[in-house]
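Below is one structure, written out as structure tokens; comments come after it.
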Amino acid sequence: MGVHENTYDSSLGAYLLLLPTLAAIIAFLYYPSLQTLRFSFFQTFLFGQNTRFVGLANFTDLLGSQVYLTSVGLTMAFAVIVVIGSLAVGLLVAFLLYEVSDGKAAYLIAAIWPYALPTAVAGTVLLFLAHPSVGIYTHYLEAWFGVELDWFTVGWQGFAVVTVAAIWKQVGYNVIFMLAALNNVPESLNEACRLDGIETWRRLVRVYLPLMSPTLVFLVVINTIYAFFGSFALIDLMTQGGPTNATNLMIYQLYRDAFQFNNLGLASAQSVILFVLVAGLTFVQLRVSDRYAHY
């Protein structure tokens, strides 16, 4: 009897310790998610105070909207470029840090400090650095290449600036994990590569990348989520979805419909679509990556 009582007391204590976390998850994750799903089937007025059931009308309106379909296409292109760009640049920086022997700590701090900045601060800094009129980066690019840059009015330039900003912001995160994965490579393997005379970059591709594959799988998923959800502050501060909707990604279109046009039902439907899209991409990435990752 005493054993059963002790087991019961231990289980009760564990549930009591989990209770605050469960309460927070239910209040700030599950309940808002269910409310979002519910609102997606309603047309809302006065910030959701008045509602009218419309079924799947919000979803059909979105799928028939050229503005929204263009936003989806822009988001997919943006995500592909950001994921590939941030991983490629992060891998290059991490490998250079791994190879260097002097001043590694200083180089590491310089590489990861953009990630440590709040996204709003990073967006403000980049806005001034790349401003078409007073930005120092824009000034030198125009002087060196003899071109006129005005990403406030030219759509593809605005898209390029936001994309570069998103990559720059995320590189530090990738460097941290990639450098940790490189540091886990056995020293005996490094010595064997040097004795065999394997070139530096070939060693990275042929030896290190297969060993880093579990970390790369994780980073592909995290960077995909970042590309879809983490770019809002950069867009809001730098372009506000312009010029000519060239940076009106799905996350920003959702914000505009919810808080500028007060259409919570349509915005909720966009939230559901965005969640399903990212969840589907994540599932496909994990299934495909498992074939090539070496655990």
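Here are the numbers for the structure shown:
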item: 1.4 Å probe accessible area per residue over the stretch 62-215, in Å²; result: 55
item: Solvent-accessible ranking of Glu191, Glu199, Glu148, largest area first, probe 1.4 Å; result: Glu148, Glu199, Glu191
item: Dipole magnitude (debye, nearest 20) for the stretch 140-272, charges at Cβ of Lys, Arg, Asp, Glu; result: 300
item: Total formal charge among the other residues, if their Cβ is under 15 angstrom from that of Phe232, Lys/Arg +1 and Asp/Glu -1; result: 0
item: Label corresponding to volume of the Cα convex hull per residue in Å³ when calculated from the structure given, among (i) 225; (ii) 162; (iii) 275; result: (i)
item: Heavy-atom SASA rank of Trp168, Trp151, Trp144, Trp201 (probe 1.4 Å, accessible area, largest first); result: Trp144, Trp201, Trp168, Trp151
item: Protein-only accessible surface order, largest first, of Ser213, Ser188 at 1.4 Å; result: Ser188, Ser213
item: Val288 accessible area, assembled protein chains, probe 1.4 Å, Å²; result: 70
item: Gain on full stretching of the segment that runs from Val125 to Ile198 - 0.36 nm per residue minus C-alpha separation; result: 22.1 nm
item: GNM result for the chain, Cα springs below 10 Å: residue of Ala227, Ala105, Ala77 fluctuating most strongly; result: Ala105
item: Hypothetical label at Ser289: residues of the stretch 201-224 whose amide nitrogen lies under 11 Å (7 Å Cα-Cβ projection); result: 213-224
item: For the chain, calculated [θ]222 nm from helices alone, where every DSSP H run of n ≥ 4 adds -39500 (n - 2.57); result: -23500 deg cm²/dmol
item: Contour minus Cα-Cα distance for Lys104 and Val205 (0.36 nm per residue); result: 34.1 nm
item: In sequence order, calculated HN-Hα J values of the stretch 261-274 (Karplus, 6.51, -1.76, 1.60; Hz; x Gly/Pro); result: 9, 6, 10, 5, x, 5, 5, 5, 4, 5, 4, 5, 4, 5
item: Table column - 3J(HN,Hα) (Hz), the stretch 187-198, Karplus curve with 6.51, -1.76, 1.60, x for Gly and Pro; result: 5, 4, 5, 4, 5, 5, 5, 5, 5, 7, x, 6
item: Test item: Cα-centred dipole of the chain, Lys/Arg +1 and Asp/Glu -1 on Cβ, debye; result: 420
item: Of all accessible heavy-atom area on the chain, the percent that carbon and sulfur account for (1.4 Å); result: 69
item: Among Val67, Ala246, Pro118 - extreme Cα towards positive end, dipole of the chain, charges at beta-carbon; result: Val67
item: Computed accessible area, Phe53, all protein chains, 1.4 angstrom probe, square angstrom; result: 140
item: Length gained when the stretch Thr282-Ala143 is fully extended (0.36 nm per residue, less Cα-Cα span); result: 45.8 nm
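The values are calculated or read from the model by the stated rules, or taken from the named source; none is laboratory data. Keep in mind the model is a prediction, meaning the values are calculated, not measured. Note: ideal-geometry Cβ built from the backbone for every residue, glycine included; neighbour counts use all protein chains shown. When the accessible area is computed, the model is the full protein with side chains, heavy atoms only, and any ligands, DNA or RNA have been set aside. Shrake-Rupley method; radii C 1.70, N 1.55, O 1.52, S 1.80 Å.
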